[in-house]
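Shown next, in structure tokens, is the structure this report addresses.
The values are calculated or read from the model by the stated rules, or taken from the named source; none is laboratory data. The model shown is predicted, which means the values in this text are computed figures rather than measured ones. Methodologically, a virtual Cβ is constructed for each residue, glycine included, from the backbone with ideal geometry; neighbour enumeration extends over all protein chains shown. The area values use the complete protein model at the heavy-atom level, side chains included, leaving out ligands, DNA and RNA. Shrake-Rupley method; radii C 1.70, N 1.55, O 1.52, S 1.80 Å.
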Amino acid sequence: VHPEHYRRFWPLDLGLILGMEEEAEARLADYETKLEAAKARLADAGFDDTVMLVGVWRGGFGVYGGEGYTAVLYRHGLELSPPT
């Protein structure tokens, strides 16, 4: 499944199923606004196109790659590349 499906169509489909289409559209619009603001902040801060997302919790950590659901944020949302 293309990440665009997770980012855009899945929330709208879920809103349709739950009878909450307007709320789903409003939340998606809010997400898009925040995404554009984050992209602008990254550009203003001089970030290049490669970043790494790390989750830290008690007793461990995880490095998130650029495949699966993380591709929605990395590649198709913020237009960044995950580390190799």
Subset of the stretch 47-84, residues in contact with an Asp or Glu (Cβ under 7 Å, 6 or more places away or on another chain) and modelled with pLDDT of 80 or more, comes to Leu80
Cβ-Cβ under 6 Å pairs, at least 6 apart or on other chains, the stretch 72-84 side farther than 17 Å from Asp44 by Cα, far side assigned to a loop (DSSP other than H, G, I, E, B) and open to solvent by 30 Å² or more (accessible area, probe 1.4 Å)
Ser81/Asp49; Pro82/Gly65; Pro83/Met52
Within the stretch 1-20, can one find any residue that is at pLDDT below 90, among the β-branched types (Val, Ile, Thr) and surrounded by 12 or more Cβ atoms within 10 Å (Cβ to Cβ)?
no
